[in-house]
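A short write-up of the structure that comes next.
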Amino acid sequence: MTEGGFSILSWAAAAPGLAAPSSWLPWAESGAGIAPAAPFTVPKTLPLMTSRRLSPGARAGIECSIAAAGSTVPDFVVTASRDAELPRCEKILTGLADGDPESPTDFTMSVHNAAEGTLLIAKRWKVPGTSVAADPRTFFAGWIEAAAALASGKKSVLLTFFENARPTEARAAFRDHLPAFPYALSFLLASGGPVSLGPVAAEERSLGTLPPALQFLRAYLRKAPSVTLAAGRSALEWRFTA
């Protein structure tokens, strides 16, 4: 387990049908799923021209990051996304296959760290950060990066997860059957506190019916004493002590 622990100071999330912060606790307690066709709305603090350049998931990730950070300038930023700008990349490749040139905006914003870079520029934060992806274990990788930053002496870390709905052609390449909808979740973490994290033994099992980030948020909002998530034979356990 992580030594010294850490605290979740604040959080913000967005998913179809769950825009208002007050809607998340009833959702967590009800055990309901996510309706992909429901409206997907997020706070609008970014300038319009910046917002228009972003994919829905990236825009939600940045807006949730800003909401979770509040007036705090974090010491470190971690952004985790398994697919990131996959829809934009598929659009570029499809256009090239059809003989159409890629748009400059699509080309510029197709890199994996586009969301984090846009966040740092928009907020004028001169802080280090990293963007991570680790296939089904991306949720784990984001937390491990954040925990490592706190253990190294950072006082606060802004940890954000986001995904877009997978595009049609690429969707068939994935073995999992997670729902196809955009979402984002952001935490402001501080060193020292009641939350600990560590690996646990696990038999191989699927990710479940919800993305790991939303599974975690449901357990956290329900005030569970702990939550264990697994991907393949990898599993992590978060413990929340009073």
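The values are calculated or read from the model by the stated rules, or taken from the named source; none is laboratory data. Worth saying up front: this structure is predicted, and the values here are computed from it rather than measured. Because the Cβ atoms are built from the backbone with ideal geometry, glycine has one as well, and the counts that use them run over all protein chains shown. Only protein heavy atoms, including side chains, enter the accessible area calculation; ligands, DNA and RNA are left aside. Shrake-Rupley method; radii C 1.70, N 1.55, O 1.52, S 1.80 Å.
Worth a mention:
- Rounded to the nearest 10 square angstrom, W27 shows an accessible area of 10 square angstrom against a 1.4 Å probe.
- Where a label projected 7 Å from the Cα of T50 along Cα→Cβ would reach, residues of the stretch 9-25 with amide N under 19 Å: 12-14
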